[in-house]
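Have a look at the structure below, then the notes.
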Amino acid sequence: MEGNSVSLNSDLTEMMDDDQILWRFGDENTLIAEINVLDDRITVYDDVPDGRFRDRLKLDHQTGSLTITNTTTEHTGVYKLEMIRNLSKSFNLTVYSRLPVPVIISNSSHCSSSSCSLVCSSVLNVCDATLSWYKGISVLSSISVCDLSISLSLPLEVEYQDKNTYSCVLNNPISNQTTHLDINTLCHTCAEVHCCGSTEAVIRLVVSAVVGVATVILLVYDIRSTRGGD
C-alpha cells in the first residue's frame, strides 16, 4: 500500500568479510545501493534514476537487506540483488494507491414513477482498481479502467420499494472501500422531486399570491358595483 514500508530480504544472516552487495532497480538495472564489507563502505544512490528514492532507502549493514520507506506507486518495478558470491535474487514489487471512498448520487435527470436511477463513482482517478455494485453479496455489475484521465462510474436502477441491501465497492488486490446505499435518502418519486424543487416552490407561491390578490380585487369591485346600482 502506498505510504507503507517494504523490506527486500537478502536471506543472509550475516555478511562475510569480503562480501559485496549491489541493489539495482528497473529495466535499466540502475544501481541504487551498495555494501562493500572489505572497504567498510555502505552507499545509497537515492537520487537516481530521477530522485524517486530520495530519503527512502535503508540498508541493513549485517544482512544487506534493503528497506524502502514511504513508498509510492513510482516504486513499482523489479529490484535485483547481486552478490559477489555469484548469488542473485529478483523482487517484483507492486505498490498500490490508497483507494478513495466511492460516492453514490441520485441521477435526477432520469425520473421514473417506479424506479430510482443512481450512479456510483470514484472521487479520484485510480489504476488497478475495480468499481462494483453489490446486491447483498452478489455482484450486479463492475467496471475497471486503467486510465488516469477517466473517472470510474457505474449506474444502477432500483425499485422505490426495494428492501434489498445494495452497496458500491471500490477495490484493488489488497484493499477495498465500500459505500452502502440508503434508498430512503437518495431515492424520491417524480412527484416528490417536483414538489421539493426550491425554484418551482417559489414560483407556485408567487402565482398563488397573485391569484389571491386578484380575487379580492374582483370581489371588492363587484360589491361596489352592486351598491352603486342600488
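Couple of notes before you dig in:
- Relative contact order (%) - criterion: Cα under 8 Å, at least six apart; region: the range 4-45: 30 percent
- Cα-centred dipole magnitude for the range 6-93, charges only on beta-carbon of K, R (+1) and D, E (-1), debye, nearest 20: 300 debye
- For Lys135, the lysines whose Cα falls under 25 Å of its own Cα, not counting residues fewer than eight places away in the same chain, are Lys163.
- Proximal lysines relative to Lys58, as straight alpha-carbon distance under 28 Å, when same-chain residues fewer than 8 apart are discounted: Lys80, Lys89
Every read-out reported here was derived from the displayed coordinates using simple, explicitly stated rules and does not represent laboratory data. This is a predicted model, so every value here is computed, not measured. Cβ sites come from the backbone with ideal geometry, for glycine too, and all protein chains shown count toward neighbours.
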